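Only one structure is covered here, and it is reproduced in the block below.
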Amino acid sequence: MCSLSRLKFLRVIASVALASSFAVYAGEPPAEPILRINPGEHTGVIRDIATDSAGRWLVTASQDKTSRVWDAHDGHLVATLRIPIGMGNEGQLDAVALSPDGQTVALGGITQFNRGLDQVASDGMSIYLFDRASGRLLRRLTGLPRNIIHLAFSPDGRTLAGTLAKGGLRVFSVADGRLIAEDDDYRGPSYSVHFSADGQLVTTCFDGLLRLYHFDGVRLTLIAKRSAPGGKLPAAARFSPDGSHIAVGFLDTTAVNVLDGRDLSFSYAPNTVGIRMGTLAGLIGIAWSSDGASLYAAGDAKKAFNGQERQYIRRWSRSGAGPVQDWPVTNGAITYLVALPDGRLAFASGDSSWGVVNANGMRQIFHAPAVANFRNIQSGFTLSADGTRVRFCYEQGGKSPAIFDSLNGSFLPVDTTGLIPPQITAPGLEVTGWNGTSYAAPTFNGSPLTLKPNEMASSLALLPSGDGFVLGTLFFLRAYDRKGREQWEQPALSGVLAVNVSQDGRWVVAAYGDGTIRWHRASDGAEQLAFYPDPDKRRWVMWTPSGYYHASPGAEELIGWHVNRGKDQTADFFPASQFRDRFNRPDVIDRVLVTSDEATAVTQANAAAGRREPTISVAKILPPVVEVVSAPERFADTTVPIRIRVRAPADAPVTRLRVLVNGAIMPSPRAAQLVDSDGSQELTLVLPPKDSEVQIYADNRNSTSLPKTLVLQWAGDRKVFTVGKQGTGKAQKPKLWVLAVGVSAYSDPSVPHLSYANADAEAFAAMLKAQQGKAYSEVETRVLTDAQATRANVLAGLDWIKAQVAAGDVGMVFLAGHGFTMATDRRYYYGAVDVDLKRLTDTGVPYKAIQDALIDFNLRGDGTRAVFFIDTCHAGNATGATLNATVKASNGDALAGELTRTENQVLVFASSKGDQSSWEEPEFQHGAFTEALIEGLGAQWQADPRATGRVTYKNLDAWISDRVPVLTQGRQTPRLMTPPGGIDDFVLGTK
């Protein structure tokens with residue numbers, strides 16, 4: 001089987017051939033939401049990477065149809081830019097350029113929406129210009145006959161040049177999008193365009209020619225056109241910083257040549273001895289250092305470093321004429337290099353990784369691929385007989401194997417018993433040429449199979465019945481009968497790297513290059529289920545084509561809906577978590593695997609759960625979207641104006657606007673008034689005199705918007721001041737409200753009794769009551785144990801704390817005992833003393849009541865804080881154990897995940913991880929979790945190791961994280977769960 005780097009590079013080149021066959025009749029992009037993976041990194045080939053003249057930003061463009069803006073200093077993600085996309089490869093991005101001032105991002109690729117030749121209107125392919133700071137789409141440059149392969153801004157940023165798969169070179173005015181100049185006398189695709197500092201322009205073309213132009217801002221004058229020495233397919237040409245030389249790299253050879261920047265005459269050839277060309281590409285990444293003293297090249301070339309094969313960058317000193325150094329940087333073939341002005345060098349890769357090395361070749365920033373590496377796992381891609389359990393590997397060559405049980409939504413110990421590899425040989429069924437080693441068509445019983453141009457076959461599985469076979473290729477998943485006749489095909493734009501068929505003949509299961517595993521109905525190939533295991537080896541998410549999903553805690557952000565707003569507007573993206581109540585349906589996922597049909601599974605699940613909600617498109621229940629129209633990047637006055645625009649569906653207007661500053665919820669912004677006819681508003685924020693992060697949210701009846709995040713730098717005097725609770729300038733102690741509930745003895749005999757849950761609640765409340773006059777001005781507690789902890793009393797207690805917590809106060813809820821979920825809908829219920837497992841929805845304390853109480857006062861914007869301690873699902877009834885036909889034990893992991901979503905801002909201390917029980921310790925007559933809390937924050941004061949006299953929430957987390965595993969001999973691991981981005985540390989207790 002071929003390597004993933006080769007597959008990716010084949011896709012890079014093949015995309016040009018595919019796009020060149022498109023009709024030029026363009027329509028609107030699809031209006032229906034498109035479900036996509038979104039792990040916060042790229043999941044496809046990164047074709048291009050760009051920087052500004054100051055080297056402050058890096059922008060990447062990927063064939064996963066996203067562009068991402070990164071901070072070049074530390075590599076953190078700043079923004080994701082989304083153009084309108086369609087099905088197939090419509091919206092694939094192959095080119096990015098960043099203006100010298102860092103303000104404008106240009107994106108290109110396969111940017112046309114095809115509706116057939118009956119379309120009358122046509123504007124061809126497009127280049128999209130974005131404002132980098134706000135993410136707004138500025139304009140669309142249209143009329144291009146083929147897809148865009150490369151883009152470059154002129155040194156003054158006023159013009160933008162682009163090269164095409166067919167049709168040569170175009171030069172546009174950035175200010176108004178006007179076409180200034182063009183040269184269509186190109187007999188092949190052009191993969192490179194570059195400006196010199198003095199207005200020269202050089203391009204490459206697969207007709208073998210280099211073209212050198214003079215451009216004066218108005219006219220494009222051809223100076224020279226020559227065959228490129230050293231290869232037939234010149235892929236990259238870059239001017240040296242002073243414009244005196246041009247370095248050229250090739251797709252078909254490892255040669256690098258340096259030419260004269262005035263006439264393209266040959267100057268010299270850097271030493272490429274020892275570079276072994278990869279399967280397909282030579283050295284297609286070329287860059288000069290900012291001072292011109294070093295020349296760099298990279299591509300699909302590997303060699304061993306300390307016994308490990310790595311892709312590397314070659315550096316030549318003396319402008320390419322001196323000695324060489326080879327720097328190993330990644331595993332994927334390198335697609336692009338760009339030099340930063342401080343001597344560093346950024347690279348992009350075909351395996352979706354990217355990074356930055358310093359002037360000595362040491363990696364300073366590295367973003368690993370966000371997908372599991374399924375290459376070379378065909379024989380290890382095994383299935384249970386019914387297809388519900390699958391074995392795969394996170395790393396190349398069978399490393400880091402894992403087994404996932406899709407019915408129970410959990411990873412299993414790695415044991416291959418009962419798992420069956422794909423069958424690839426059988427009497428009368430001989431398929432050859434399928435293992436990705438040749439462009440030649442695979443054969444069936446000696447006769448070639450008909451595939452698309454460049455459609456290399458990469459995986460094979462015979463049907464268990466012997467009635468046919470399934471073939472995975474770069475572009476399709478195909479099924480054939482035993483006579484070699486195609487039965488169906490399904491698009492597979494990321495490449496099918498492994499395939500298997502369940503022994504019961506119902507499922508074709510395929511592993512794709514985008515890191516997903518997908519279940520296709522064997523009868524017609526229709527996809528019914530997808531699975532994405534995050535490379536962190538903890539999070540995972542499964543979903544149906546309509547978006548019903550089941551996810552591990554924190555993983556529902558990994559998928560979401562891309563929503564186009566027409567071809568002249570930036571697209572929106574909504575994570576699945578914004579539609580949790582409607583689409584988080586583990587019960588649907590379970591039934592899909594049984595019924596082999598999503599629609600049937602939804603009908604059955606709704607009937608079992610008593611849900612009568614109609615099937616509805618995400619497009620009908622969209623949350624608001626916050627856009628920043630203008631905001632300063634630096635501020636010297638603590639009163640800062642920010643202009644925003646909030647979009648919401650007409651039938652679901654905005655109901656609330658919220659602002660977080662440095663993780664703290666601020667009072668409602670004042671002077672939020674309409675200031676422009678376009679609906680923009682100006683918010684006047686009062687910020688502290690320091691660098692600050694501002695997050696703006698909007699709510700409507702459907703959900704909460706994603707945060708619009710701004711990082712503002714303080715430019716005034718560095719000073720420290722304290723603002724008190726009432727703004728008097730003097731800090732005041734907050735008041736603490738505590739609701740503590742613990743149930744050991746239950747009325748329902750089917751619920752196992754506990755020993756110390758009641759004592760845990762009493763001890764927790766007493767520990768915090770002792771903080772009255774210390775960390776808190778007052779401490780009010782309400783304790784409910786055993787007989788007092790009825791459902792009615794617990795609900796009343798939640799209403800009590802919601803009503804009592806006032807501005808600046810802290811509210812804490814502590815729950816100890818048993819937690820449960822319904823097998824039908826997986827919703828969490830706390831077990832009050834009178835819970836009846838046969839009527840759990842009527843007698844349990846629902847997660848919604850807990851959530852509403854904590855979120856209500858936490859989001860008022862008056863300085864309140866909410867802390868939740870959850871200690872449910874104790875040993876003796878292990879997590880996930882079935883108590884009856886419909887009820888399972890639960891430690892509330894999903895509830896904790898919901899509370900810590902960014903917009904909710906609740907701090908959660910959970911007694912155990914999602915797959916663990918919580919244990920009781922007879923020696924201490926408490927649960928292990930509560931015992932650790934008491935030791936840390938109570939009389940022993942163990943959570944203050946530096947004797948500061950204060951215990952913050954981070955101190956307490958550090959203590960219980962070490963102590964609970966000791967108390968339980970490693971059986972229990974507590975977790976602190978905070979919103980993404982964290983919450984500033986604050987004091988829980990003082991001595």
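Values quoted throughout were computed directly from the atomic coordinates according to the rules given, and no laboratory measurement underlies them. Only a predicted model underlies this, so the values are computations on that prediction, with no experimental measurement involved. Ideal geometry is used to build each Cβ from the backbone, glycine not excepted, and the neighbour counts take in all protein chains shown.
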- Calculated FRET value between Ala745 and Asp536, using beta carbons and R₀ = 45 Å, to 0.05: 0.65
- Query: Based on Cα positions only, what radius of gyration and what Dmax would you give for region 735-990, in angstroms?
  - Reply: 16.8, 52
- Message: Using only Cα atoms and rounding to the nearest 10 degrees, what angle (0 to 90) does helix 928-937 make with the longest principal axis of the chain?
- Response: 90 degrees
- Taking only Cα atoms of region 38-367, radius of gyration then Dmax in Å: 18.4, 60
- Calculate how steeply helix 847-858 sits against the longest principal axis of the alpha-carbon atoms of the chain, using the helix alpha-carbon long axis, and give the answer as 0 to 90 degrees to the nearest 10. 80 degrees
- Query: If amide H atoms are built 1.01 Å from N in the plane of the peptide, which residues on other chains or at least 5 residues away come under 5 Å of the amide H of Trp507?
  - Reply: Ser502, Ala522
- Message: Based on alpha-carbon atoms only, what is the radius of gyration of region 36-179 relative to the globular estimate 2.2 N^0.38 Å?
- Response: 1.00
- Message: Residue by residue through region 738-755, what is 3J(HN,Hα) from phi via Karplus (6.51 cos²θ - 1.76 cosθ + 1.60, θ = phi - 60°)? Round to whole Hz and write x for glycine and proline.
- Response: 10, 10, 10, 10, x, 10, 9, 10, 9, 5, 6, x, 7, 9, x, 6, 10, 9
- Query: Classify region 378-620: rounded, prolate or oblate, from the alpha-carbon gyration tensor (a ≥ b ≥ c, eigenvalue square roots; a/c under 1.5 rounded; otherwise prolate if a/b is larger than b/c)?
  - Reply: prolate
- Item | Computed Kirkwood radius, in angstrom, where 1/r is averaged over Cα pairs of the chain | 30.7 Å
- Note on the structure: Sorted by chain and number, the residues with a modelled amide H under 5 Å from that of Asn147, at a separation of 5 or more or across chains, are Ala165, Lys166
- Item | Radius 15 Å from Cβ of Gly75, net charge of other residues (Lys, Arg +1; Asp, Glu -1) | 0
- Query: Which of rounded, prolate, oblate describes region 463-520, given a ≥ b ≥ c as roots of the alpha-carbon gyration tensor eigenvalues and a/c under 1.5 marking rounded, otherwise prolate only if a/b is larger than b/c?
  - Reply: oblate
- Item | Calculated from backbone phi, Karplus (6.51, -1.76, 1.60) coupling profile of region 796-805 in Hz, x at Gly/Pro | 5, x, 5, 5, 4, 5, 5, 7, 7, 5
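What shape does region 931-979 take by its C-alpha gyration tensor, where a ≥ b ≥ c are the square roots of the eigenvalues and a/c under 1.5 counts as rounded, a/b above b/c as prolate, and the rest as oblate? The partial results should precede the final answer.
Numbers: a/c = 2.39, a/b = 1.36, b/c = 1.76.
It comes out oblate by the Cα gyration axes.
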- Query: Quick one: Karplus J couplings for region 96-101, per residue in order, coefficients 6.51, -1.76, 1.60, θ = phi - 60°, nearest Hz, x for Gly and Pro?
  - Reply: 9, 9, 10, 4, x, 7
- Task: Give the residue from Phe239, His214, Pro229 lying farthest towards the positive end of the charge dipole for region 150-266; charges sit on Cβ (+1 for Lys and Arg, -1 for Asp and Glu) and the dipole is referred to the Cα centre.
- Result: Pro229
- Message: Using all alpha carbons of region 441-544, what is the percent of pairwise distances in each 5 Å bin, ordered from the shortest bin to the longest?
- Response: 3, 13, 24, 24, 18, 10, 5, 3, 1, 0
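Within a 10 angstrom radius of the beta carbon, how do Cys205, Cys873 rank from fewest other beta carbons to most? Working shown, then result.
On the way: Cys205 24, Cys873 29.
Result, fewest neighbours first: Cys205, Cys873.
Order of Asp748, Asp291 from fewest to most other C-beta atoms within 10 Å? Before the final figure, lay out the partial values.
Values: Asp748 17, Asp291 13.
Final ranking by Cβ density, sparse to dense: Asp291, Asp748.
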- Based on DSSP H runs of at least 4 residues, each adding -39500 (n - 2.57), what is the mean residue ellipticity at 222 nm of the chain after dividing by all its residues, to the nearest 500 deg cm²/dmol? -3500 deg cm²/dmol
- Residues whose modelled amide H sits under 5 Å from the amide H of Asn257, counting only those 5 or more places away in sequence or on another chain, are Val248
